[in-house]
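For reference, the structure is listed below as structure tokens.
The values are calculated or read from the model by the stated rules, or taken from the named source; none is laboratory data. All of these numbers come straight from a predicted model, not from anything done at the bench. Every residue, glycine among them, receives a Cβ derived from its backbone with ideal geometry; neighbour counts consider all protein chains shown. These area figures cover heavy atoms from the full protein model, side chains too; ligands, DNA and RNA do not enter into them. Shrake-Rupley method; radii C 1.70, N 1.55, O 1.52, S 1.80 Å.
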Amino acid sequence: MDEKLKKVIEESSNIVFFGGAGVSTESHIPDFRSEKGLYRAQQEYGRSPEEILSHTFFMQHMKTFYDYYRKNLLYPDAQPNKAHLALARLEAEGKVKAVVTQNIDGLHQKAGSRTVYELHGSVLRNYCMKCHQFYSLDEVVALADSSEDGIPRCKVCSGVVKPDVVLYEEALDEECLSGAIRAIEAADTLIIGGTSLVVYPAAGLIRYFRGKHLVLINKSVTPYDDRADLVIHDSIGKVMEY
């Protein structure tokens, strides 16, 4: 672990970690905003990822939505990386009180973190839009595979099964957002990693922090670098390895 970061952690008793896509890219889950993701969307579908992953597009073009979604957002074999594991260990030691994530892959929980606020939902949870029957990721993939058009439909009522992820044009879950805000307000240290801090409303959560140490870990510069006590431009797995 980076020595300066280690010192901050030693001085802290209530750490909250706020992470973005850069945390999961080291588990080989690409950021759909990367050139690869954009290229595939523009070339194969003639649409941007933001349009395909919007509520309007989902409702009007479900077949295309699910085709893109399965190719670009589902990585069931992905494993937690050094950053996920370090955070789980720090939580077990009583240092990290909560993880707030923009990711939808469930890797923080898979690593062992228990208090996780998933701002954008999770691909691991899926619900029938009609009767609200729950389906796991494996189950919803099987439903899509057995469907003629690739749209997963409920075994109970034949309604469309929607992933529990926040699409563009949809609001964040109020309970999850409130929990994340409370955790950040109570933190003495906020570590932000793997995010450029440009996606709102999630990026706006930083304004609720009133603690002592603000740490930013990201490969590229963020709009908040000049406000942080510690800025590290490096791989988050390398920095957090513990």
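A compact table of results
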read-out	value
Number of positions in segment 138-157 that are assigned to a helix (DSSP H, G or I), within 20 Å of THR64 (Cβ to Cβ) and under 26 Å from the mean Cα position of the chain (by Cα)	5
Residue pairs meeting the criteria (Cβ under 9 Å; at least 6 apart or on separate chains; first in a loop (DSSP other than H, G, I, E, B), in segment 56-85; second aromatic (Phe, Trp, Tyr) and open to solvent by less than 80 Å² (accessible area, probe 1.4 Å))	LEU73/PHE32
Of residues in segment 170-202 being aliphatic (A, V, I, L, M) and over 19 Å from ILE15 (Cβ atoms), the one least open to solvent (accessible area, probe 1.4 Å)	LEU172
Scan of segment 207-217 for residues that are of a type outside the set (D, E, K, R) and open to solvent by 20 Å² or more (accessible area, probe 1.4 Å), ordered by number	TYR208, PHE209, GLY211, HIS213
Condition check for ASP149: under 27 Å from SER178 (Cβ atoms) and touching a residue at least 40 places away in the same chain (Cβ under 8 Å)	no
Condition met for TYR117 (surrounded by fewer than 18 Cβ atoms within 10 Å (Cβ to Cβ), over 19 Å from MET59 (Cβ atoms) and in contact with a helix residue (DSSP H, G or I) (Cβ under 8 Å, 6 or more places away or on another chain))	no
Matching residues in segment 87-114 - criterion: being assigned to a strand (DSSP E or B) and open to solvent by 30 Å² or more (accessible area, probe 1.4 Å)	LYS97
Residue within segment 66-73 that is over 19 Å from the mean Cα position of the chain (by Cα) and open to solvent by 30 Å² or more (accessible area, probe 1.4 Å) present	yes
Residue ID - nearest to MET1 (Cα to Cα), chosen from residues in segment 173-223 that are part of a loop (DSSP other than H, G, I, E, B) and of a type in the set (Lys, Arg)	LYS219
